[in-house]
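The values are calculated or read from the model by the stated rules, or taken from the named source; none is laboratory data. What you see is a predicted model, and the numbers here were worked out from it, not measured in a lab. So basically every Cβ, Gly included, is an ideal-geometry build from the backbone, and we count neighbours across all protein chains shown.
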Amino acid sequence: MRLTGNCALAGVVVGLISGFPAVAAQVDPGGQAEWRQSYEEATNLAVPRSMVPMLSSESAAATEAAIARYREIAAHGGWGTLPTNLHLKLGARGKGVLALRQRLLASGDLDQTDSGADTYDSFVEAGVRRFQTRHGLGVTGNVGEQTIAAMNVPVETRIQQLEVNLVRLRSFSGFLGQRYVVTNIPAAQVETVENGEVMTRHAAGVGKIDRQSPIMTTKAIDINFNPFWTVPVSIIKKDLIPRMRKDMNYLSEEKIRIYNGQGQEVQATQVNWNSEEATHFTFRQDPGADVNSLGTVRININNPYGVYMHDTPEKGIFGDDYRFVSSGCVRVQNVRDYITWLLKDTPGWTRDKIDEAIASGQRTDVKLAQPVPVYWVYLTAWATPDGIVNFRDDIYQKDGIAGVPIATADTE
């Protein structure tokens, strides 16, 4: 249910980072530089895709090293702040660009051999992209409100974040299983791990601030193909009743049927929508990838919270920066890849068989031959062995640290 500055540049600008070629630029009649080259030249600033599991001794050791490195930055005066109204993009010039370069240099997002010119060139843009990637922001290469807010978090606050999360990482230092799944809620990301190596990663949709996904350790036990969706009482109260008060056709449009306590189907006109009488009925949405809130697949995990992992018909959310959109369950991008991995040890369930089951449109239940450990965790800061330090907003305010931005749905 879908309740859900002018530039006047010379014709050629020399490379600003040692070892990189000269970069050609043109100036349009309005004075804005047009950079002809692609941005692949600043490859040393790219954030590599680590195959090291987030929950690992290597990650904990890297986070500990990051704390030491950030303490050195703090000892040398930190990285200062930028004007909150600063808006910069490729081709801009001025003092704001100089300040931005210094900020990127301080956090290691720009090469130390940078010339310090006041031009927002492709190398500054690459540094901004690197910073945005590390902080889970939209990787636009432009500097706006959200990027400035993240850059203006003091290094001392980032150290506190790393220290809080190091404790969390160390609590998972034991054996987590030969094969296991991790959902990092603040990062809205799922990763599968096998033999100590990340096998797949998936963007996720997780719980809203007022309907939080729980932190827990559990196991994936079975999978429902083409599932029905039974609407939880909490959603009946918060979403379904208010919608029906506005539009009596809502349930039929969403293919949601109403059943009484005897399992008999009743009509929407038989329910008093001006009260909470609806909570005494069962609301069940028909299967169908185009409308069912669970999409084509539901992955059941043992827990007392009534939550699970599932597909979604609203695939567009996975391209959003802000993915705190559910009522507590976790929506998984590329769910077929995910369940193919989950069913690896279940005889007969190849990718072809999975595709066939989904295409049939029929409800099919499959029990995993071996339950797979699942960890829903809350990590807002961690490092990888290659030295990349990652931060995410403390969306549920669990770190107990003031001054960390809260994620919003706005984009730059």
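Just one of the listed residues (ILE241, ILE223) is among the aliphatic types (A, V, I, L, M) and not assigned by TED's automatic domain parsing to the domain that holds GLY328, and it is ILE241. Scanning segment 264-314 for residues that are assigned to a loop (DSSP other than H, G, I, E, B), at negative phi and in contact with a helix residue (DSSP H, G or I) (Cβ under 9 Å, 6 or more places away or on another chain) returns VAL271, ASN272, TRP273, ASN274, SER275, GLU276, PHE281, ALA289, VAL291, THR296, ASP311, THR312. Within segment 93-117, take every residue that is of a type in the set (Asp, Glu) and over 27 Å from the mean Cα position of the chain (by Cα) and give me the one that is nearest to GLY387 (Cα to Cα). Among those that are of a type in the set (Asp, Glu) and over 27 Å from the mean Cα position of the chain (by Cα), it is ASP111. TYR120 meets all of the listed conditions (1) under 21 Å from the mean Cα position of the chain (by Cα); (2) farther than 25 Å from VAL325 by Cα; (3) aromatic (Phe, Trp, Tyr) but one, namely (1).
Considering only segment 240-284, state which residues are under 17 Å from ARG363 (Cβ atoms) and loosely packed, with under 13 Cβ neighbours inside 10 Å. Before the answer, list the steps.
The initial filter retains those residues of segment 240-284 that are under 17 Å from ARG363 (Cβ atoms), namely 255-257, 259, 263, 282, 284.
Selection gives GLY263 alone.
For segment 232-243, the condition holds for no residue, the condition being that it is touching a strand residue (DSSP E or B) at 6+ places or on another chain (Cβ under 6 Å) and among the hydroxyl-bearing types (Ser, Thr, Tyr). Restricting attention to segment 228-259 and to residues that are assigned to a loop (DSSP other than H, G, I, E, B) and in contact with a helix residue (DSSP H, G or I) (Cβ under 7 Å, 6 or more places away or on another chain), the residue that is modelled with the lowest pLDDT turns out to be VAL231.
Condition check ((1) under 18 Å from ILE159 (Cα atoms); (2) of a type in the set (A, V, I, L, M); (3) part of a helix (DSSP H, G or I); (4) assigned by TED's automatic domain parsing to the domain that holds VAL124) across all residues:
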position	(1), (2), (3), (4)
ARG49	no, no, no, yes
ARG71	yes, no, yes, yes
ALA74	yes, yes, yes, yes
GLY78	yes, no, no, yes
PRO83	no, no, no, yes
LEU90	no, yes, no, yes
LEU98	no, yes, yes, yes
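Within segment 356-387, take every residue that is of a type in the set (S, T, N, Q) and in a loop (DSSP other than H, G, I, E, B) and give me the one that is surrounded by the most Cβ atoms within 10 Å (Cβ to Cβ).
The first filter runs over segment 356-387 and keeps only residues of a type in the set (S, T, N, Q), leaving 360, 362, 364, 370, 380, 384.
Subset that is in a loop (DSSP other than H, G, I, E, B): 362, 380, 384.
Numbers: GLN362: 10, THR380: 25, THR384: 21.
That would be THR380.
Of everything in segment 285-336 that is acidic (Asp, Glu) and surrounded by fewer than 24 Cβ atoms within 10 Å (Cβ to Cβ), the residue that is modelled with the lowest pLDDT is ASP290.
Residues of segment 153-167 being closer than 18 Å to LEU100 by Cα and surrounded by 18 or more Cβ atoms within 10 Å (Cβ to Cβ), which ones? Correct list: VAL153, VAL155.
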